[in-house]
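The structure that follows is given in the form of structure tokens.
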């Protein structure tokens, strides 16, 4: 915050100037499409037995990304890839620091036992959401393997968690924010304060 003074006759006004944040589009719709296609091919290469692979998106951003990856993988493998969603709200380690968590539905319409579960999220930051997802997934069984696919890896990990598949690595400052918008207009925006 910056300050400035304005002298208007007998009055001295103190103005507070708040610096505006600067937003930069780092991925547009075409770049997101390319990143998801590349990620799907990497998943297919690493997992030759396609019938064992299931995708589980972490709300909110991971769910539409899992759906898009599932569609691309179905085209690659010529089979339908099961897709689910996993709410991690009640497994977070910061529940005491937040207002009431926003609960999302968990929909896993398949058995995860013995499967290769690819967790899908939009942004990997501290690793705490993924830790919560691993805890939540334990309630549904014992997968053969768990892999992680993210659209953006921005660094700054608090936990030793690393994505298996990354659409784009984006070095950021800790105070910057990454916004992923999937829907009417697909884009990833880096917001600098």
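All of the numbers you see were taken from the coordinates with simple rules; none came from a lab. Fair warning: this is a prediction, and the values are worked out from it, not measured in the lab. Neighbour counts run over all protein chains shown; Cβ positions are idealised from the backbone, glycine included.
I need a count of the residues in the stretch 23-48 that are within 15 Å of residue 188 (Cβ to Cβ) and either touching a helix residue (DSSP H, G or I) at 6+ places or on another chain (Cβ under 8 Å) or not in a helix (DSSP H, G or I) (or both).
8
Now a separate question. For the condition outside any strand (DSSP E or B) and more than 25 Å from residue 46 (Cβ to Cβ), what is the one hit in 130, 103?
Details: 130 fails: more than 25 Å from residue 46 (Cβ to Cβ).
Answer to the check: 103.
Among (1) surrounded by 18 or more Cβ atoms within 10 Å (Cβ to Cβ); (2) touching a helix residue (DSSP H, G or I) at 6+ places or on another chain (Cβ under 8 Å); (3) in a loop (DSSP other than H, G, I, E, B), there is one condition residue 148 misses while meeting the rest; what is its number?
All conditions pass for residue 148, except number (3).
Another question, then. Quick check on my filter: what residues within the stretch 60-79 are in a loop (DSSP other than H, G, I, E, B) and free of Cβ contacts under 8 Å to residues at least 24 places away in the same chain?
Step one: of the stretch 60-79, the residues in a loop (DSSP other than H, G, I, E, B) are 60-61, 78-79.
Passing the criteria: only 78.
Before we move on, is residue 124 buried (at least 16 other Cβ atoms within 10 Å of the Cβ), closer than 16 Å to residue 150 by Cα, in contact (Cβ under 8 Å) with a residue 40 or more places away in the chain and under 13 Å from the mean Cα position of the chain (by Cα)? Lay out the reasoning, then the answer.
Working: buried (at least 16 other Cβ atoms within 10 Å of the Cβ): yes; closer than 16 Å to residue 150 by Cα: yes; in contact (Cβ under 8 Å) with a residue 40 or more places away in the chain: yes; under 13 Å from the mean Cα position of the chain (by Cα): yes.
So residue 124 fits the description; yes.
Determine whether the stretch 80-100 contains at least one residue that is touching a strand residue (DSSP E or B) at 6+ places or on another chain (Cβ under 7 Å), assigned to a loop (DSSP other than H, G, I, E, B) and over 26 Å from residue 35 (Cβ atoms). Spell out the reasoning first.
As a first pass, look at the stretch 80-100 and keep what is touching a strand residue (DSSP E or B) at 6+ places or on another chain (Cβ under 7 Å): 81-86.
Then drop every residue that is not assigned to a loop (DSSP other than H, G, I, E, B), which leaves 81-82, 86.
Next, only the ones that are over 26 Å from residue 35 (Cβ atoms) stay: none.
Scanning the stretch 80-100 turns up no residue that is touching a strand residue (DSSP E or B) at 6+ places or on another chain (Cβ under 7 Å), assigned to a loop (DSSP other than H, G, I, E, B) and over 26 Å from residue 35 (Cβ atoms).
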